[in-house]
1. Output the number of the condition that residue B:210 fails; it satisfies all remaining conditions of (1) within 21 Å of residue B:285 (Cβ to Cβ); (2) not in a helix (DSSP H, G or I).
2. For the range A:189-228, enumerate the residues that are closer than 18 Å to residue A:261 by Cβ and not hydroxyl-bearing (Ser, Thr, Tyr).
3. Is the range B:283-303 home to any residue that is farther than 19 Å from residue B:241 by Cβ and without any contact (Cβ under 8 Å) to a residue 12 or more places away in the chain?
4. Looking at the range A:129-150, which of its residues are of a type in the set (Val, Ile, Thr) and surrounded by fewer than 16 Cβ atoms within 10 Å (Cβ to Cβ)?
5. Can you tell me which residues in the range B:81-107 are in a loop (DSSP other than H, G, I, E, B) and of a type in the set (Asp, Glu)?
6. Go through (1) within 22 Å of residue B:116 (Cα to Cα); (2) in a loop (DSSP other than H, G, I, E, B); (3) under 18 Å from the mean Cα position of the chain (by Cα) and name the single condition residue B:149 misses.
7. From the list B:92, B:73, which one is acidic (Asp, Glu) and either touching a Gly at 6+ places or on another chain (Cβ under 9 Å) or at pLDDT 95 or above (or both)?
8. Do we find that residue A:80 is away from chain B (no Cβ under 12 Å) and at pLDDT below 95 in this structure?
2 protein chains.
Amino acid sequence: MDVLTVTLNPALDRELIVENLEVDRLHRVKNPKYSVMQPGGKGVNVSIILSGLQVPSLAIGFIGGFIGTVVEERLREVSPLISTSFVHVEEETRENITIVDPINDTMTEINSVGPSITEEDLEMFMRRFRIGLKRSRIVVISGSAPPGVPDDFYATLSEEARAEGKVVIVEAVGPLFEKAVESGAVSIAKPDLRGAQELFGQELVELEDYQGAAEEIVSRGSLMAVVSFHIEGDVIATSEGTWLLSTKEQVERSHLLGTGDSLIAGAVHHLLITPDDYFGAAKHAMAAAIAESAYVEKMIITDEDVIRFEDFFTIKKLR
Amino acid sequence: MDVLTVTLNPALDRELIVENLEVDRLHRVKNPKYSVMQPGGKGVNVSIILSGLQVPSLAIGFIGGFIGTVVEERLREVSPLISTSFVHVEEETRENITIVDPINDTMTEINSVGPSITEEDLEMFMRRFRIGLKRSRIVVISGSAPPGVPDDFYATLSEEARAEGKVVIVEAVGPLFEKAVESGAVSIAKPDLRGAQELFGQELVELEDYQGAAEEIVSRGSLMAVVSFHIEGDVIATSEGTWLLSTKEQVERSHLLGTGDSLIAGAVHHLLITPDDYFGAAKHAMAAAIAESAYVEKMIITDEDVIRFEDFFTIKKLR
């Protein structure tokens, strides 16, 4: 196993394509292809995209109830390159709903909270995490945590992984993310800004705010920060400088589904082949995200897709 | 078994309470109670509400895939008064999503199409329908049909049920509903106007249009028509006259969930005790719908709830 992905709060991802979505109306989705369900949660998505890039991974975290069983069975069906070792809990795994409107180019998302996690569940998880760690070179810790998981949990996981000499990639939001960054054990840190454009208590508005956030992450101990800047760019910061990577073509908002997770998978893919080339990983990650954005649905992109989009963005040095 | 409910296209009903729902935004549902899943589909809902009124029923129809299994298992958990005998099909049962916004008083619904039904599935269903029919006094045929079900299928079911001397209640929309009405075998016909205010090719705008639609249904052979008039009223027509039943208090739009199915369950409940008293059934039905509308969520109302709301509406003779 090359990669360990941690998804504490997986989901059954339900993607609906609804033309002309309007609040307070009944919509009928007539085409069965316009209502798709698949295993989800950010770490699980990374495992799925990695399988398309021929990278094997072990997915761990918590799943629960009827819906959790659906998630795990569907995940195993995706690819033999994905192994799972989830801790089963009693309450239902959540369902995340994304409504894509290709006519008005909107994406409306409703994410739920997930099952309650007990002390015992956490201990069981730690045992599986340590076993997974021994068999991996890169650990991806991504997404939100369900109730019962302490704020410093990603920091704890990052520290254990770093102590074992692993590359640690964290994408999250709020205290869970900030404490992980502050542990100094994260290799690549990417704040999940989809909900609120805010980091370390600062609102992000102008490009310089995003640049400042990326540099702040590096100054707090991460090797590289990746901060999405609106739809078409990513601010990348390392100890050597800060850059803005921008797509050359306009990206449709309704095509954003899965691009953040493709970005992480692209970086992982590059670092497995070329360890320590973080800036190269950032460029490969950007190409993977753009490749993903070529599709309305969340798709499993191939290595060829990623190569095809390697020239589809510009790089501007900010510092 | 007193009642047979037919739901050709059941669903996993997912109700989300989202404050300030806006298109093109990411919403996080923080309270687990604000994301509820339960077995759904209009006939299934009637079975659930009947169980709260202590009326046993047999629910039949088609269910499929992982989600179908969740629906059937959850339905059996609701009450021992509900028996099931669904035909299992290969494709996934759909999920119907309702997003209730109690702040802006809106209800946004997304219904999907459901699994494809083959000739063989239909034959298997007919066998179960005939067995169920023998054990029931009232048959409720309610909701949409999945792909592969012919337009005259509700007409066929209604004719078979009427030939056995059963009371037949149909709630549906489009050709499926209109052909059932035209068979002359339906006892109570209720068009499902949630999607479009239209019947027999006529748009319904003014009260007199709704009255006309109700009278048209009766003239085409139904004993009673129940046509919802906006939020707070129902037009009832029989061969003896036409009436408008209106709630005395304002009903919140976000509380409408399940009121149509409660209305049907209320009518069934009354007809089991007082056969042939259709106008009495209409009044009891209205009380049940108002009782349901007292709740934001889809609730299982009790007989006491229904009795409590018996005086909460006015009756005006239109003809």
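The values are calculated or read from the model by the stated rules, or taken from the named source; none is laboratory data. Every value quoted in this text rests on a predicted model; they were computed, and no experiment measured them. Virtual Cβ from ideal backbone geometry, glycine too; neighbours counted across all protein chains shown.
1. Unmet condition: (2).
2. A:189, A:190, A:191, A:192, A:193, A:194, A:195, A:224, A:225, A:226, A:227 - these are the residues of the range A:189-228 that are closer than 18 Å to residue A:261 by Cβ and not hydroxyl-bearing (Ser, Thr, Tyr).
3. No, every residue in the range B:283-303 fails to be farther than 19 Å from residue B:241 by Cβ and without any contact (Cβ under 8 Å) to a residue 12 or more places away in the chain.
4. A:131
5. Passing the criteria: B:90, B:91, B:92, B:105.
6. Here residue B:149 clears every test but (3).
7. B:92 is the lone residue from the list that is acidic (Asp, Glu) and either touching a Gly at 6+ places or on another chain (Cβ under 9 Å) or at pLDDT 95 or above (or both).
8. no
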